[in-house]
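Following: one structure in structure tokens, then a few remarks.
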Amino acid sequence: MTENQYDTIIIGSGPAGLTAAIYTSRAKLNTLVIGGYVSGGQLMITSEVENFPGFPDGVMGPELMMNMRKQAEKMGANILDMDVDKVDLSKDIKEIFVGDKIFTAPSIIIATGASAMWLGLDSEKKFMGRGVSGCATCDGAFFRDKTIAVVGGGDSALEEATFLTRFASKVYLIHRKSEFRASKVMQERVLSNPKISVLFNKRVNEIIGDKKVSSVKLSDTIDNSESTLELEGVFIAIGHRPNTDFLKGSINIDEKGYIIPKQNSDVKTDIEGVFVAGDVFDHRYRQAITAAGSGCKAAIEVEKYLEEKV
Ligand code: NDP
């Protein structure tokens, strides 16, 4: 084995990738995690995580990720904080290209996650974690009895708006068009919920506040009129983008870019020796704990695959 050859290479260093690394390293497989320049995944931009089991008082997202990383390294995983440029998964020994280096392994776990799409406003970045959120399940409970808004018109936005009425006293649903893209059943649920007010044909132009969010500036997409809405939280739910650009042409991905797992299988793909974990294929649950769970499954499949190959 040369220094660039491993038993398994895990691409991605969020909860899915690092959990997989803990398992494969503990199983004494020579493991390389290629974690990306921005390592740690989406939890690195979250504040407090209250729903990861084992932390009754909550844990900060970055702290949770640093601990997962330490645990993976303690078990023996090597972690490289660089981005993968391209892959060749066509042969028995897969090749992963990073800058001028090629890393090889007979088994690969792809756990590159998905990135939430954002409006692209400077003020949105400024108030991230201080009133702006991309995850209702993660942050909803911080907005008990508060007025908030959800931006978007797809199933995610409508589902989040409905979910958030458990906590918030009032939820505005802000959508740029005059009709939703979401399913009829979700629309009916939203329109009949007395805590939700729908604002059609409105665009969020700015998020305003001092230390925390206090209002948003809106413009009407039909007559361009401007208005201000007072609130304490804004949930952006305008879709996610799986991080699969570097895989194009080498594995089955759907029209939105999510990896399609092998039929009737959990974390296997159509390519022997290539497994998948976390939000890069799971667009339904998108939770740290479900990502970690699938990372564990992928690692166990890698162990079995390598055992059977020998
Ligand atoms: P979608 O791509 O379906 O919807 C995104 C929404 O955000 C659209 O209404 C779009 O507006 C709006 N949007 C996009 N960009 C901007 C922007 N820059 N400013 C303002 N609004 C914007 O994403 P979802 O995450 O909602 O859903 C993804 C997939 O997951 C879908 O297939 C959905 O059906 C599925 N899903 C299913 C659920 C369920 O069955 N329970 C729950 C959640 C998701 P416009 O309409 O104008 O393009």
(message) How many angstrom lie between the Cα centre of the stretch 229-265 and the Cα centre of the stretch 18-68?
(response) 20 Å
(request) Name the long-range amide H neighbours of Lys86: under 5 Å, sequence gap of 5 or more, or other chain; modelled H, no Pro or chain starts. (result) Phe97
(message) Explain nothing, just the number: relative contact order of the chain, from Cα pairs under 8 Å at least 6 residues apart, as a whole percent.
(response) 21 percent
(message) I need to check one value: relative contact order of the stretch 1-75, counting alpha carbon pairs closer than 8 Å and at least 6 residues apart, in percent.
(response) 32 percent
(request) Quick one: angle between helix 155-164 and the longest Cα principal axis of the chain, in degrees between 0 and 90, rounded to 10, please. (result) 70 degrees
(request) Return the carbon/sulfur percentage of the accessible area of the stretch 232-272, one whole number, probe 1.4 Å, all protein chains in place. (result) 42 percent
(message) Could you compute how fast the stretch 226-310 diffuses translationally, taking Rh as the Kirkwood radius over C-alpha pairs and applying Stokes-Einstein at 20 °C with viscosity 1.002 mPa s? Give it in µm² per second.
(response) 143 µm²/s
(request) Report the Cys residues of the chain lacking a disulfide-compatible partner, meaning no second Cys Cβ under 4.7 Å from their Cβ. (result) Cys296
(request) Determine the shape class of the stretch 1-137: with a ≥ b ≥ c the square roots of the Cα gyration tensor eigenvalues, call it rounded for a/c under 1.5, and otherwise prolate if a/b is greater than b/c, oblate otherwise. (result) oblate
(request) Enumerate the amide H contacts of Glu206 below 5 Å, restricted to partners 5 or more residues apart or on another chain; note that Pro and chain-start residues carry no placed amide H. (result) Lys217
(request) For Lys256, go through the lysines and keep the ones whose alpha-carbon is under 30 Å away, minus same-chain ones fewer than eight residues off. (result) Lys86, Lys91, Lys94, Lys101, Lys125, Lys126, Lys177, Lys184, Lys202, Lys248, Lys268, Lys297
(message) Could you work out what % of the accessible surface of the stretch 50-188 is carbon and sulfur, using a 1.4 angstrom probe and leaving DNA, RNA and ligands out of the count?
(response) 50 percent
(request) Between beta-carbons, use under 13 Å as the cut-off and find the net charge around Val198, counting Lys and Arg +1, Asp and Glu -1. (result) +4
(message) On a straight-distance basis, which aspartates and glutamates could pair with Lys70 in a cross-link, Cα separation under 18 angstrom, same-chain partners fewer than 8 positions away excluded?
(response) Asp81
(request) Sum up the charges of everything whose Cβ sits under 10 Å from the Cβ of Ile9, counting Lys and Arg as +1 and Asp and Glu as -1, but leave Ile9 out. (result) -1
(request) Please work out how much accessible surface Ser192 shows to a 1.4 Å probe, ignoring ligands, DNA and RNA, in Å² rounded to 10. (result) 90 Å²
(message) Quick check: from the Cα gyration tensor, does the stretch 264-305 come out rounded (a/c under 1.5), prolate or oblate?
(response) oblate
(message) Quick check for you: with a 1.4 Å probe and neighbouring chains kept, what is the accessible area per residue of the chain, in Å²?
(response) 51 Å²
(message) Per DSSP helix of 4 or more residues, -39500 (n - 2.57); summed, then divided by the residues of the chain. What does that give at 222 nm, rounded to the nearest 500?
(response) -7500 deg cm²/dmol
(request) Could you please put Lys212, Lys268 in sequence from largest to smallest accessible area, using a 1.4 Å probe? (result) Lys212, Lys268
(message) Out of all DSSP beta bridges in the stretch 90-201, what portion is antiparallel? Express it as a percent rounded to 5.
(response) 35 percent
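The values are calculated or read from the model by the stated rules, or taken from the named source; none is laboratory data. No experiment lies behind these values; they were computed from the predicted model shown. Cβ sites come from the backbone with ideal geometry, for glycine too, and all protein chains shown count toward neighbours. Areas reflect the complete protein model, heavy atoms only, side chains present, ligands, DNA and RNA absent. Shrake-Rupley method; radii C 1.70, N 1.55, O 1.52, S 1.80 Å.
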